[in-house]
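Worksheet: the structure to be examined is printed underneath.
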Amino acid sequence: MPATFRVPFLSLRPGDDRPAIDAAITRVLDRGWFILGPELQAFEQELAAASGTADAVGVGSGTDALSLILRGLGIGPGDEVITTPLSAAYSALAIIATEARPVFADIDPSRLTLDPRAIEAAITPRTAAIMPVHLYGQPADMPAILAIAERHGLAVVEDACQAHLATCDGRPVGSMGAAGALSFYPTKNLGALGDGGAVLTNDRALGDRIRRLRNGGQSSRYHHDEFGVNSRLDEMQAAILRARLTRLPAWTARRRAHCLPSTCWDCPGNIITSQIAAPSPRTRLPSSATTASAGSTSAKPNTTARYRAFSCKSIRSSRASGWRILRRTR
């Protein structure tokens, strides 16, 4: 009977970056400063430079990044935010966390991101923002979305949690709207060894407000000027992410090189995420193995609008909400 060797879909163990990660961890331990310190400050500056934005703010997760952007923009109860149903539920949960209402508009069948025509149809007097999701590294049609937002006076909040340094129309995602959100969950292209996220923005006043909100609303120590939360990217994760940020362009190039044509979109700026192609070179099979089976990860089993948590009448969906297109493209 032929031997079978199972090729893992993804390994989260540090690889060729292990020495740099070990040095980063040692640096933080030796300094003894673990929250809101020099590693975070340096990482924010380096991330902003890499992302083409004036500012970056490290927070606890990508979900927190989205909700803090919305709060920083003054979006809350009574407001509607148009977004895609084809995303992790956390995109919509971030909207609900501000007590605003997510409105699901349909997706473009070629990009699988928000369809600009569906956005136009979903706008109401209560609409305050559009939240496109750059899904699996594929940028949404930002020129069209930005044009709609400008015509209607709406904010654009980019969910770039799966699209680190991807570009659209020559510009990095996360740098085009009012602000963009990144996630550093370990499976992301730029992953921490724990949770983490960041806000990207060219609006320094918005960045300053989000810094206050992430730290309990404090303007200075023990002076809480507004209701905030506890959502800070810690020094250990910031140091690890600094070590990995410099390697991200090379990792992205390797993902693209190993991506099957059938899994890639015809978009020059897209990146390939770990949900589509693993970053490491092909694994060599042992001489005793004659067949190989690939590991797998679960795809999203449903569109967000069909989860039970979003079935209440306060959640509005446009017709189809991505499900018809999703079935057709499988």
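The values are calculated or read from the model by the stated rules, or taken from the named source; none is laboratory data. Predicted, not measured: the structure shown is a model, and the values here were computed from it. All Cβ positions, even for glycine, are placed from backbone atoms using ideal geometry, and neighbour counts span all protein chains on display.
What residue, of L29, L36, L40, is in the same structural domain as L114 (by TED's automatic domain parsing) and either at pLDDT below 95 or crowded, with 20+ Cβ neighbours inside 10 Å (or both)?
Just a single option satisfies the conditions, and that option is L40.
Just the residues that are basic (K, R) and under 14 Å from the mean Cα position of the chain (by Cα), please, taken from region 151-170.
Result: no residue meets the conditions.
Please find, within region 143-186, the residue that is surrounded by the fewest Cβ atoms within 10 Å (Cβ to Cβ) out of those that are modelled with pLDDT of 95 or more and either among the polar types (S, T, N, Q) or in contact with a Phe, Trp or Tyr (Cβ under 6 Å, 6 or more places away or on another chain) (or both).
S175
Identify the single condition in (1) at pLDDT 65 or above; (2) under 30 Å from T4 (Cβ atoms) that D208 does not satisfy, given that it satisfies every other one.
(2)
For the condition hydrophobic (A, V, I, L, M, F, W, C), more than 14 Å from the chain's Cα centre (by Cα) and assigned to a loop (DSSP other than H, G, I, E, B), what is the one hit in I95, I148, I130, I75?
Just a single option satisfies the conditions, and that option is I75.
Hey, can you tell me all the residues within region 206-252 that are assigned to a loop (DSSP other than H, G, I, E, B), in contact with a Leu (Cβ under 8 Å, 6 or more places away or on another chain) and among the polar types (S, T, N, Q)?
Passing the criteria: only S231.
Of all residues being surrounded by 13 or more Cβ atoms within 10 Å (Cβ to Cβ) and assigned to a loop (DSSP other than H, G, I, E, B) in region 12-26, which is modelled with the lowest pLDDT? Just the residue, please.
Taking the candidates together, the pick is P14.
Could you give me the residue pairs with C-beta distances under 6 Å whose first residue belongs to region 222-251 and is under 28 Å from R71 (Cα atoms), whose second residue is among the hydroxyl-bearing types (S, T, Y) wherever it lies, and which are 6+ apart or on separate chains?
Note: pairs meeting the criteria are D225/S219.
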